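Colleague: Got a structure for you, written out below as structure tokens; questions coming shortly.
Bear in mind these aren't lab numbers, they're just calculated from the coordinates by the rules spelled out. Just so you know, these numbers come straight off a predicted model, no measurement behind them. Here Cβ is always computed from backbone atoms with ideal geometry, including for glycine, and neighbour counts include all displayed protein chains.
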2 protein chains.
Amino acid sequence: MTSRDGFQWTKEGGLSQGVPTLSVINPPTNIKSATDQGDYDVIVVGGGYSGLTATRDLCLAGFKVLLVEARDRIGGRSWSSNIDGYPYEMGGTWVHWHQPHVWREISRYDLRKELEPSFDFSRGVNHFQLRTNQGSTTMSHDEEDTILRTALEKFVNVDGDMGRTIIPFPHDEFYNPEAKKYDKMSALDRVRDIALTLSANERASLEGFVLLCSCGTLETTSFFEFLHWWALCGYSQRGCMDCLISYKFRGGQSIFALRFFKEAASTGNLSYIFNSPVKSIDDQSGKVILTTRDDFQFTGSRLVSTIPLNVLETISFNPPLESLRMGAARTGHVNQCVKIHAEISDKDMRSWAGMSYPLNKITYAIGDGTTPAGNTHIVGFGGFHNHIHPEEDVKETKKAVENLAPGNMDVQRLVFHNWSKDEFARGAWFFAPPGLVSNSLESLRRRHGNVHFANADWALGWRGFIDGAIEEGTRAAKDVKDGLKPPPAPRAHL
Amino acid sequence: MTSRDGFQWTKEGGLSQGVPTLSVINPPTNIKSATDQGDYDVIVVGGGYSGLTATRDLCLAGFKVLLVEARDRIGGRSWSSNIDGYPYEMGGTWVHWHQPHVWREISRYDLRKELEPSFDFSRGVNHFQLRTNQGSTTMSHDEEDTILRTALEKFVNVDGDMGRTIIPFPHDEFYNPEAKKYDKMSALDRVRDIALTLSANERASLEGFVLLCSCGTLETTSFFEFLHWWALCGYSQRGCMDCLISYKFRGGQSIFALRFFKEAASTGNLSYIFNSPVKSIDDQSGKVILTTRDDFQFTGSRLVSTIPLNVLETISFNPPLESLRMGAARTGHVNQCVKIHAEISDKDMRSWAGMSYPLNKITYAIGDGTTPAGNTHIVGFGGFHNHIHPEEDVKETKKAVENLAPGNMDVQRLVFHNWSKDEFARGAWFFAPPGLVSNSLESLRRRHGNVHFANADWALGWRGFIDGAIEEGTRAAKDVKDGLKPPPAPRAHL
């Protein structure tokens, strides 16, 4: 199947919109009309990992669930395009066993053996290329790690214990209230504090890495939020590499998302409808009425909204959302990541990695696999500090890839999803600007009448990660179940 | 309520069996007779975390479940005695957010804020006391960490990368088949390999720590299994401290176990009976018949046995268990931990820790809390290398506590559970002897007709931990559900 989402450019075919994927559900609905099933126990809006988890848990618990999704596919901001059987991850990619919610699911679906390392630092052009204002340096991956580790340790070491005393319990972030102080600071503030202690390469490497995490600007990146990632990763650079960018699904992320959907469907309790963007959500007289842009209406006892933070203001809620929540939604998160896959006609680039900062449109890239044609698959990242809409200027995008390793980047194919222009995402994974988490996290998590809100954007642990999405879907399902118990009158399944 | 399990000794009252706990379920059954509910969909044997998780998941999924438990309480090898409102952990204690299954549940039950650190290295007698054949040394906790880190890094560094290349995916342990080689080695073999590089204090510290993990002898401790713990902890000494011994439930482990039980009960699908040791399990003509020692019989479509490895040979299975599984059960795991809580009439011992090895009956102990009386609560560990049955010789047990810090240990109270003499455990948490995991893990995990086996003893990840128990209960529930679907005919709950 082909989704409307995503873009592909090839030397032969040029640019086209829509890419092949396992994540399109066919048929796009299993209901005959909006009132086919009468009232639902629960309506879940959004088929990303939050929505899939909530849907699955509630279906398993015997509730009659309707899943409403704007797109033609599941996965939200995490999905893979499988081209000639080879997966390109369009959004969320890497997972790790220190991410509790994602790992519980990988274990439960017995997918442990479906993971593989992204890196393979074993052969060919096996080095790290750092290009800054000051010129270009080539170094070993060990030297790359040392520079980044040294710089990161200076960056996070606000307490003489690498930030541990500031965020001792990363899943209970303000356990030490002093942590709030660091949410008033931007990454730029902190870089300035330590600037004199950093070598030029350390500074470029640090800024490049921080921007790889937030994909905003240094000014709009909360220093606390970065510390929170650091704490979750075990307070070490090696931990960051392991947890953030090392292990992915051999067959692509979408094989994982499909497990949730199929298990929910297997209960007989799942109704679903794709291609149905939501216009409004009305909570009236103990029922929630959802109206789509096509003016279909569905009614449920409860509704779980997994609409992302940056999209929330486009939906009409009645009664209106509280001002703190709406304020946070208008501020939004800052991640405008530009993630580009490039197929390079050079098999020897598999062990290469590079950073070009601050002048290049792609800041960081690594060899991520070998394609069926035997070429190297490179994945690169840019952000709002030097933004580009790739489909609007393919030539410039190609140049940004070429600039990372001049002479070694013969681009055969580009694959990407423009998350910034995606009306159902308006950005990539959540990353907080200063103040957002300390001011608004509690409000964002709060139930609003019969409407529950679940999204990785306001998870407590791995906020912005697939793990956080599953955390939130789990929470919403539990809250709804506890609120609606005793269970609804059972229905025959056979 | 008071359980039959556990012992308490006080200066005033002497020794008594049975301690107060939140984990006793009253009434001890909710069925009227063995045939009260007719046939069950699933019988779950054992109310530890494996059994509780399987029971809860299956009840939530709409199956009619009978939980059969030999003891008068839930929790299995993890439970707390709450004395005067203060919890003493009788078995499994510490949890960490890098343990995916346990953390998913802590998050789902919103218990994140119920954790507290065990250590408090801030005041009073704030040092580490190391007592060996060579004499006694007092040092700072930082120096303690340095000695152990240095020694551990020599111990695990078989590949020049701290064991990472041997176990790169700790939840897929033989991803690198070379790892099997290290399961042929004992901890003693490895100590001998590096003995010349270790100082006397490093060696004592290393051996004491390894024996704190296995509670066997160095000869009976698989070096691979230790490497596996190391990998799970993130390949660092600090990671080991964090994951293994740092964070516990403020109110005691049993508050956590109760959540599972209560949620299962809230579905209306749970029948349960305590005080009912199992005699035999017969899988005949598509049904499983369980017979208790009291000759009650219960029938289910499936049975989930969470009977621990060391107890398996005491139950009669028909058809008999395969020879590989029975061989492993007869070999058993090696952990014969002696865990002793001591209330010490000295509030200044809160920040103390000590090791006395190899001559003392308690090898390692730390300050773990302050009791309602304002005294220090010390928790200590011994093992099979220098074994004692505390209730059989309280005087010797007290002396072992006193020996750790002569002059500073005025013992007011002892609290403990003798896991070695417990017929339903026959040992503490699982730790593998050489060969057991590579030879038998697959067999131990296999379904046997309509009988599923779930226990932390053969978990893939945190084997022997609460996390592994939940991993296994989750797996069993999923397997049973998938096997029995479509779901059974629903029943009314209202």
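Colleague: If we count every other residue with Cβ under 11 angstrom of B:Thr165's Cβ, Lys/Arg +1 and Asp/Glu -1, where does the sum land? Walk me through the numbers on the way to the answer.
Modeller: Numbers: positive: B:Arg164; negative: B:Asp159, B:Asp161, B:Glu178.
Net charge in that neighbourhood comes out at -2.
Colleague: If you take every DSSP beta bridge whose two residues both sit in the protein assembly as shown, what share of them, in percent to the nearest 5, is antiparallel? All intermediate terms of the calculation are to be shown ahead of the outcome.
Modeller: On the way: 113 of 160 bridges.
Counting only bridges with both partners in the protein assembly as shown, antiparallel ones make up about 70 percent.
Colleague: For the pair B:Met326 and B:Thr314, how long in nm is the line joining their label points, each one 7 Å along Cα→Cβ?
Modeller: Each label point is offset 7 Å from its Cα along the Cβ direction, giving 1.9 nm.
Colleague: Still on this model: Just tell me how shielded A:90-103 is by partners: mean number of partner chain Cβ atoms within 10 Å of each residue's Cβ, no decimals. Write out the running numbers ahead of the final one.
Modeller: On the way: counts 0, 0, 0, 0, 0, 0, 2, 12, 10, 4, 13, 5, 2, 9.
Mean partner-chain Cβ count within 10 Å for A:90-103: 4.
Colleague: Is the shape of the protein assembly as shown best called rounded, prolate or oblate, per the rule: a/c under 1.5 gives rounded, else a/b larger than b/c gives prolate, else oblate, with a ≥ b ≥ c the square roots of the Cα gyration tensor eigenvalues?
Modeller: Oblate shape, in that a/c is at least 1.5 and b/c is the bigger or equal ratio.
Colleague: Right, something else. Of the options A:Gln8, A:Ile25, A:Val44, report the single residue whose Cα projects farthest towards the positive end of the charge dipole of region A:1-51 (beta-carbon charges: Lys, Arg +1; Asp, Glu -1).
Modeller: Working it through, the farthest residue towards the positive pole turns out to be A:Gln8.
Colleague: What is the P(r) of region A:321-467, as percent of Cα-Cα pairs per 5 Å bin from 0?
Modeller: Per 5 Å bin, starting at 0, the Cα pair percentages come out as 2, 9, 16, 17, 15, 12, 10, 8, 6, 4, 1, 0.
Colleague: Cut-off is 10 Å between beta-carbons; in what order do B:Glu391, B:Glu322 appear when sorted fewest neighbours first? If you can, show how the numbers build up before the last one.
Modeller: Working: B:Glu391 19, B:Glu322 14.
Sorted ascending by nearby Cβ count, the order is B:Glu322, B:Glu391.
Colleague: If we count other beta carbons within 10 Å of each Cβ, what is the order of A:Lys395, A:Lys154, fewest first?
Modeller: Numbers: A:Lys395 7, A:Lys154 18.
Exposure proxy ranking, most exposed first: A:Lys395, A:Lys154.
Colleague: Dipole of region B:75-143 (Lys/Arg Cβ +1, Asp/Glu Cβ -1, origin at the Cα centre): which of B:Val125, B:Trp94, B:Thr138 lies farthest to the positive side?
Modeller: With unit charges placed on the Cβ atoms, the residue in question is B:Trp94.
Colleague: In whole percent, what relative contact order does region A:232-350 give with Cα contacts below 8 Å and a gap of six or more residues? Don't jump to the answer; show the numbers that get you there.
Modeller: Details: 82 pairs, mean separation 17.4, N = 119.
This gives 15 percent for region A:232-350.
Colleague: Still on this structure, please answer the following. Could you let me know the centre-to-centre spacing of region B:194-225 and region A:327-381, using Cα atoms, in angstrom?
Modeller: Computed from Cα coordinates, the inter-centre distance equals 45 Å.
Colleague: Okay, moving on. For n ≥ 4 DSSP H runs only, could you compute -39500 (n - 2.57) per run for the protein assembly as shown, divide by its residues and tell me the 222 nm figure to the nearest 500? Write out the running numbers ahead of the final one.
Modeller: On the way: 26 runs with 292 residues, N = 988.
About -9000 deg cm²/dmol.
Colleague: With +1 on each Lys and Arg Cβ and -1 on each Asp and Glu Cβ, and nothing else charged, work out how big the dipole of region A:119-240 is about its Cα centre, in Debye to the nearest 20.
Modeller: Charge dipole of region A:119-240: 180 debye, to the nearest 20.
Colleague: Something else about it: Would you order A:Ser16, B:Ser276, B:Ser345, B:Ser122 from fewest to most other beta-carbon atoms within 10 Å of each residue's own beta-carbon?
Modeller: B:Ser122, A:Ser16, B:Ser345, B:Ser276
Colleague: Apply 1/(1 + (r/R0)^6) to the Cβ-Cβ distance of B:Arg446 and B:Glu114, taking R0 = 51 Å, and write down the FRET efficiency to the nearest 0.05. Each step should come with its number before you reach the end.
Modeller: Working: r = 37 Å, r/R0 = 0.72.
My answer for the efficiency is 0.90.
Colleague: Follow-up. Measure out, as a whole number of angstrom, how far apart the alpha-carbon centroids of region A:128-184 and region A:382-428 sit.
Modeller: 27
Colleague: Okay, moving on. May I ask which of A:Lys113/B:Lys113; A:Lys485/B:Lys485; A:Lys64/A:Lys421; A:Lys279/B:Lys113; A:Lys478/B:Lys481; A:Lys287/B:Lys481 have a Cα-Cα span longer than 26 Å here?
Modeller: Values: A:Lys113/B:Lys113 34 Å; A:Lys485/B:Lys485 23 Å; A:Lys64/A:Lys421 34 Å; A:Lys279/B:Lys113 38 Å; A:Lys478/B:Lys481 20 Å; A:Lys287/B:Lys481 32 Å.
Among A:Lys113/B:Lys113; A:Lys485/B:Lys485; A:Lys64/A:Lys421; A:Lys279/B:Lys113; A:Lys478/B:Lys481; A:Lys287/B:Lys481, the Cα-Cα distance tops 26 Å for A:Lys113/B:Lys113; A:Lys64/A:Lys421; A:Lys279/B:Lys113; A:Lys287/B:Lys481.
Colleague: Take every residue in peptide B:166-176, count the Cβ atoms of other chains within 10 Å of its Cβ, and give the average of those counts.
Modeller: Numbers: counts 0, 0, 4, 7, 1, 7, 5, 1, 0, 4, 0.
Per residue, the number of nearby Cβ atoms from other chains is 3 on average.
Colleague: If the label for A:Asp145 sits 7 angstrom from Cα along the Cα-to-Cβ line, what are its distances to the same label in every other copy, in nm to one decimal, shortest first?
Modeller: Between copies, matching label points for A:Asp145 lie 2.1 nm apart.
Colleague: Moving on to the next point. Given Cα pairs under 8 Å that are at least 6 residues apart, what percent is the relative contact order of chain A?
Modeller: Details: 1114 pairs, mean separation 119.1, N = 494.
Over chain A, the number comes to 24 percent.
Colleague: Hey, what's the per residue convex hull volume over the C-alpha atoms of chain B, in cubic angstrom? Don't skip to the answer; put the middle values down first.
Modeller: Values: hull volume 68.0 nm³, N = 494.
Taking only Cα atoms, chain B has a hull volume of 138 Å³ per residue.
Colleague: Taking H placed 1.01 Å from N in the peptide plane, check which residues at least 5 places from A:Lys64 or on another chain put their amide H under 5 Å from its amide H.
Modeller: A:Asp41, A:Val42
Colleague: Further question on the same structure: For region A:320-391, with only Lys/Arg (+1) and Asp/Glu (-1) charged at the beta-carbon, what is the dipole magnitude about the Cα centre, in debye rounded to 20? Present the calculation step by step, with values, prior to reporting the outcome.
Modeller: Values: 6 positive and 6 negative charges, 47 e Å.
In debye, rounded to 20, region A:320-391 gives about 220.
Colleague: Give, to the nearest whole percent, the P(r) tail of region A:6-101 beyond 18 angstrom, counting all Cα pairs.
Modeller: 59
Colleague: According to the square roots a ≥ b ≥ c of the eigenvalues of the Cα gyration tensor, what is the shape class of region B:143-195, taking rounded for a/c under 1.5, prolate for a/b larger than b/c otherwise, and oblate for the remainder?
Modeller: Note, shape of region B:143-195 comes out oblate.
Colleague: Near the amide H of A:Glu219, under 5 Å away, which other amide H atoms are found, from residues 5 or more places off or on another chain, if H is placed in the peptide plane?
Modeller: Residues meeting the criterion, in which the H sits 1.01 Å from N, are A:Leu188.
Colleague: About the Cα centre of chain A, what is the dipole size in debye to 20, counting +1 per Lys and Arg Cβ and -1 per Asp and Glu Cβ, all else neutral?
Modeller: Working: 53 positive and 59 negative charges, 163 e Å.
For chain A, the charge dipole is close to 780 debye.
Colleague: To continue, here is another question. Pairwise over distinct Cα atoms, reciprocal of the mean inverse distance: report the Kirkwood radius of region A:362-428 in Å, one decimal place. Can you show the working numbers first?
Modeller: On the way: mean 1/r = 0.0771 Å⁻¹.
Radius from the Kirkwood sum: 13.0 Å.
Colleague: Can you return the aspartates and glutamates within cross-link range of B:Lys347? Criterion is Cα-Cα under 17 Å, with same-chain partners fewer than 8 residues away left out.
Modeller: B:Asp120, B:Asp368, B:Glu402, B:Asp410
Colleague: So, one more: Among B:Gly239, B:Pro308, B:Gln297, pick out the residue whose Cα is farthest towards the positive end of the charge dipole of region B:237-322, where Lys and Arg carry +1 and Asp and Glu carry -1 on C-beta, about the Cα centre.
Modeller: Positive-most Cα among the choices belongs to B:Gly239.
Colleague: When each copy gets a label point 7 Å from Cα toward the beta-carbon at A:Lys180, what are the spacings between them in nm, shortest first?
Modeller: Output for A:Lys180: 5.7 nm, nearest copy listed first.
Colleague: Can you pull the Kirkwood radius for region A:113-248, inverse mean 1/r over Cα pairs, to one decimal in Å? Before the final figure, lay out each step's value.
Modeller: Values: mean 1/r = 0.0631 Å⁻¹.
It is 15.9 Å.
Colleague: What whole-number distance in Å separates the alpha-carbon centres of region A:445-480 and region B:88-127?
Modeller: One Cα centre to the other: 23 Å.
Colleague: Between B:Glu143 and A:Ala200, what's the calculated FRET efficiency when r is the beta-carbon distance and R0 is 45 Å? Round to 0.05.
Modeller: On the way: r = 38 Å, r/R0 = 0.83.
After rounding, the FRET efficiency stands at 0.75.
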